[in-house]
Amino acid sequence: GGGVEPVVATPSREPLRAVQTPQGFELGTLLEAHRLGARRSQDEAVAASDDAGLVEAAGGSVVVVPGHQMGLKITTPTDLALAEVLVGRSY
């Protein structure tokens, strides 16, 4: 931990996408995915890390839709402070 790591390659950015959270799903799809995923949640090797992973594991499909740079995820006090500053601006 904390050491430097060499860059071994630089992939083309063309096929890459930035993914935002929160993710959105139809309520029924999401509830069923969580119900099915609850049984696996105690085993980190098979547990999903997010809603998209739960939906995929339940056999659902996940698609990418256009996002917006102002669609912030608020997890920490710093995130909240940044959102409060941005809300005060006119966009």
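The values are calculated or read from the model by the stated rules, or taken from the named source; none is laboratory data. These numbers come from a predicted model, not from an experiment. Here the Cβ is made from the backbone with ideal geometry for all residues, glycine too, and neighbour counts use every protein chain on show. Quick note on the areas: whole protein, heavy atoms, side chains included, nothing else; ligands and nucleic acids left out. Shrake-Rupley method; radii C 1.70, N 1.55, O 1.52, S 1.80 Å.
Projecting label points 7 angstrom from Cα along Cα→Cβ for T21 and V62 puts them 1.1 nm apart.
Taking each residue as 0.36 nm, the span from L36 to I74 lengthens on full extension beyond its C-alpha to C-alpha distance by 11.0 nm. The stretch between E5 and D50, if pulled fully straight at 0.36 nm per residue, gains 13.4 nm over its current Cα-Cα span. Computed with the Debye formula from one identical point scatterer per Cα of segment 16-82, without solvent, the log10 of I(q)/I(0) at q = 0.16, 0.20, 0.21, 0.29 Å⁻¹ comes to -0.67, -0.91, -0.96, -1.20.
Accessible area per residue for the chain, computed on protein heavy atoms with a 1.4 Å probe, is 87 Å².
Solvent-accessible area of segment 27-89 (1.4 angstrom probe, protein heavy atoms only): carbon and sulfur portion equals 58 percent.
In debye, nearest 20, what is the charge dipole magnitude of segment 27-89 about its Cα centre with +1 on Lys and Arg Cβ and -1 on Asp and Glu Cβ, if you could check?
Rounded to the nearest 20 debye, it is 120 debye.
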